[in-house]
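The values are calculated or read from the model by the stated rules, or taken from the named source; none is laboratory data. If you're wondering where the values come from, they're calculated on a predicted model, not measured in any experiment. Note: ideal-geometry Cβ built from the backbone for every residue, glycine included; neighbour counts use all protein chains shown. Side chains are part of the model used for accessible areas, which takes the heavy atoms of the whole protein and leaves out ligands, DNA and RNA. Shrake-Rupley method; radii C 1.70, N 1.55, O 1.52, S 1.80 Å.
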Amino acid sequence: MFGEEELVKSHRNRINAITNIILIAFGLIFARLWYLQIYKGELLHKYALENRLRREVVKAPRGLMYSRDGKLLVDNTPRFDVVVVPQFLTDKKRTLDRLSQILNMPLASIDKIMTKNLGASYKEIVIKKNLTWEEVAKIETENADLPGVSIDTFISREYKDIEAGAHLLGYISEINQQQLPNFRKRDNFDYRLGDFIGQFGLEQELDRDLRGINGTEFVEVDALGRKRRYINTDNMFQGIEDQPSIQGKNIKLTIDRDIQMAAFNTIGTQVGGAVAIDVRTGEVLAMVSKPSFDPSQFSRGLTPEYWAKLANDENHPLRDRVIQEHYSPGSTFKLMTAISALEEGVIDERTEISCTGKMAFGSRNYHCWKKEGHGSVNIYKAIRESCNMFFMKTAMKMDIDVIAKYSFGLGLGKRTGIALPREVNGLIPTKEWKKKRLGVEWQLGETLSCAIGQSYVLTSPLQLAVAYTGIANSGRIFRPHLVKEIYPNNGDKPIYQSKPEIMTDVKISPKTFGIVRRGLFEVVNQPGGTAYSRRGKGILMAGKTGTSQVVGAKADKIYNKCENQEYKYRHHGWFVGFAPAHDPKIAIAVIIEHGCHGSSAAGPVAEAMVTAFMQKYEPELQAKIMEAEKAGTVRELMGLAPDKVAKPKRVEEEDE
């Protein structure tokens, strides 16, 4: 038995031990509280905020595109997609059943999409794009009963003139897995899957300017991941502040919408392309290719049905016929032969050559488009009436490399360097090219065909337009360009302004240019010219018609009417020229596939484009020209003697 003193001592020791344990425990608790609330307080507060907040990317709107006179061509418009996060689907069957009803979409289709993305339970899965306002309203109204379902907003592209500028302006669509490695971190932009990028035309070429910088914002979510409200993160902790998106730069193009629409509407249902260039600067005023497509379909999310329609169209609507296709230039190339012969002294303006309609060379006969021939022909009549025999007989005295030299000098057979993707080279043949490509020597008979723009010669409409700017400018050619000014998203002062860039200044005598320019003037403005019917009013256009054979014709069928042939075998029709003839300001090139004749198929398009230009930019000059037309003094504007030639029946180039 312990004594009373020992018992008290024993209890006191126990009390002290318990007290010490309690004090130590509270000390540890207070230390932990201090550590969590004071030392780590801000960090843990941030974690707590992040647990109830979800960071969302705010897509930056792309920059806008305007015409040269400030008309909006490409705008932004909101697009709504419905997305599902699988991990938040507490009642998957019920939720997806209701979603199927709202979207009027088979449940099997939704299940297929979910199965395809089975490994992404924590990521948003897009179920349907481009929701209607009614669908958006229903989903937002029933948000509390649709855990894991939400609406994502995207900025889509709206192309104001729909198909009119599709090939030029291009389109945007989602970057794919194959493209990502090439784009990631390119030009300081962090491209990711789901991003929309320019895939064609100027949208592709100017993507780094048009593409803005994405921002972030925080939204409050519940335990099931459903949005509750957007949070104002001002004065919160560093790292969870909202970051506003920055819109891309705005672009003012050199394109004139009125000239563009004149070309688009005049081509109508035909297949072809047209381009107009300011000869004084190289600014592209219009650029149209048909058939076309709706570029908005790509930015909204291409449907299988629309893609099938484009892919199965035998006229290939996705091909830009102005820069991506090359054709035999036909008679429009005769100017290259004429310039070569004049510069080399093979002919001059007094040279006369007889045309009887055909000539024998080697084992074959070469024909003129006019069966009975043109009689005695000089250089002016040869250009005016497009006499094949004149240029063939002239070419017999020249080497193909001579014609190639002047053709290259005027920009043919090579890319122009316009800032658009996928431009083709074209082809101007030489003896070396044929030997290297085909392994055989050049034959003189091939020179005869090339001299009138057939055989191996291939050019794009843009290249021909550029070449004719050189003729209009006495050899000086400016590089064609499409961007006039670039503006920051928050200012009206341009950060870039284009300047004319001389691409080449070919050394050809002024006399030679004067002769061929007069010939081109007579094509349109003198009776007997192959484009006399296209002279218009107050435009004083100079140019050259041409037909490009799709398939060679046998001798007994060479004069058959083109329109009577099956469509796919009909000739292409060309018109290339500039205006006004005495003071060139605009050059145009038009190709109409299977149009048969340059004058009747391509000529109206060129006439409409030049008329639109003159009415808008040169009304006083147009009025002066119309006065001269009324007074019969048009030739005097060109510094020529009055025309005393009787007006014949309209002539149209039918075949070559």
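Between Ser156 and residues 5 or more places away or on another chain, which pairs have amide H atoms under 5 Å apart, with H built 1.01 Å from N, and which residues are they?
Result for Ser156 returns Thr77, Arg79.
Under the rule that an exposed site lies in a DSSP loop and has at most 10 other Cβ atoms within 10 Å, name the longest stretch of the chain with no trypsin sites (Lys or Arg not before Pro) of that kind, not counting the sites themselves.
That would be 1-184.
Just how far, in whole angstrom, is segment 343-392 from segment 108-182 if you go by their alpha carbon centroids?
63
Hey, any idea what Rg/Rh is for segment 508-587, computing Rh the Kirkwood way over Cα pairs? Present the calculation step by step, with values, prior to reporting the outcome.
Values: Rg = 15.8 Å, Rh = 14.4 Å.
Checking Rg against Rh, the ratio lands at 1.09.
Measuring with a 1.4 Å probe in the full set of protein chains, what accessible area per residue, in whole Å², belongs to the chain?
Numbers: 31190 Å² over 656 residues.
Accessible area per residue, the chain: 48 Å².
If amide H atoms are built 1.01 Å from N in the plane of the peptide, which residues on other chains or at least 5 residues away come under 5 Å of the amide H of Lys128?
Val82
Through the Karplus equation 6.51 cos²θ - 1.76 cosθ + 1.60, θ set to phi - 60°, convert the phi angles of segment 150-160 into ³J(HN,Hα) values in whole Hz; use x for Gly and Pro.
The phi angles translate into 8, 10, 9, 9, 10, 9, 9, 9, 10, 9, 4 Hz.
Hey, what's the per residue convex hull volume over the C-alpha atoms of segment 79-203, in cubic angstrom?
Working: hull volume 17.7 nm³, N = 125.
Each residue corresponds to 142 Å³ of Cα convex hull volume.
Which residues make up the longest stretch of the chain clear of chymotrypsin sites (Phe, Trp or Tyr not before Pro) that lie in a DSSP loop with no more than 11 other Cβ atoms within 10 Å, not counting the sites?
Values: sites that count: Phe2, Tyr122.
Maximal segment without exposed cleavage sites: 123-656.
For Arg476, what is the net charge nearby, where nearby means another residue's Cβ is under 12 Å from its Cβ and Lys, Arg count +1, Asp, Glu -1?
Working: positive: Arg280, Arg479, Lys507; negative: Glu501, Asp505.
Local charge sum for Arg476: +1.
If you plug each phi of segment 15-25 into the Karplus form 6.51 cos²θ - 1.76 cosθ + 1.60 with θ = phi - 60°, what whole-Hz ³J(HN,Hα) values come out, in order, with x for Gly and Pro?
Once θ is set to phi - 60°, the couplings for segment 15-25 become 4, 4, 5, 5, 4, 4, 4, 4, 4, 4, 4 Hz.
Tell me, what HN-Hα J-couplings in whole Hz come from the Karplus equation 6.51 cos²θ - 1.76 cosθ + 1.60 at θ = phi - 60° for each residue of segment 458-473, using x for Gly and Pro?
Per-residue couplings from phi come out as 9, 9, 9, x, 5, 5, 5, 4, 5, 4, 6, 5, x, 5, 5, 9 Hz.
Using the charge dipole of the chain (Lys, Arg: +1 at Cβ; Asp, Glu: -1 at Cβ; taken about the Cα centre), state which of Val550, Met626, Gly301 has its Cα farthest towards the positive end.
Working it through, the farthest residue towards the positive pole turns out to be Val550.
Considering the options Ala137, Ile347, Ile197, tell which one lies farthest towards the positive end of the dipole of the chain, charges being +1 on Lys and Arg and -1 on Asp and Glu at the Cβ, about the Cα centre.
Looking along the dipole axis, the top candidate is Ile347.
Give the calculated FRET efficiency between Asn312 and Val219 to the nearest 0.05, with a Förster radius of 30 Å applied to their Cβ-Cβ distance. Before the final figure, lay out the partial values.
Working: r = 43 Å, r/R0 = 1.45.
The computed FRET efficiency comes out at 0.10.
Of the GluC sites (Glu not before Pro) in segment 364-439, which ones lie in a loop per DSSP and count no more than 14 other C-beta atoms within 10 Å? Could the numbers behind the result be given before it?
Details: sites: Glu372, Glu385, Glu423, Glu432; in loops: Glu372, Glu423.
The qualifying sites are Glu372.
Give the separation of the Cα centroids, segment 260-274 to segment 423-441, in Å.
Going from one Cα centre to the other spans 33 Å.
Would you tally the net charge around Phe578, using a Cβ to Cβ cut-off of less than 12 Å, leaving Phe578 out, and scoring K and R as +1, D and E as -1? Walk me through the numbers before you get to the answer.
Values: positive: Arg280, Arg517, Lys544, Lys585; negative: Asp278, Asp583.
Result for the neighbourhood of Phe578: +2.
Sum up the charges of everything whose Cβ sits under 12 Å from the Cβ of Tyr456, counting Lys and Arg as +1 and Asp and Glu as -1, but leave Tyr456 out. Each step should come with its number before you reach the end.
On the way: positive: Lys431, Lys434, Arg437; negative: Glu446.
Neighbour charge sum, excluding Tyr456 itself: +2.
5 Å is the cut-off here: which amide hydrogens, built 1.01 Å from N in the peptide plane, fall below it relative to Phe478, excluding neighbours closer than 5 in sequence?
Correct list: Met503.
Under unit Cβ charges (Lys, Arg +1; Asp, Glu -1), what dipole magnitude, rounded to 20 debye, does the chain have relative to its Cα centre?
On the way: 91 positive and 81 negative charges, 223 e Å.
Roughly 1080 debye, rounded to the nearest 20.
State to the nearest 20 debye the size of the charge dipole of segment 378-452 about its Cα centre, where the only charges are +1 on K and R beta carbons and -1 on D and E beta carbons.
On the way: 13 positive and 7 negative charges, 20 e Å.
For this selection, approximately 100 debye.
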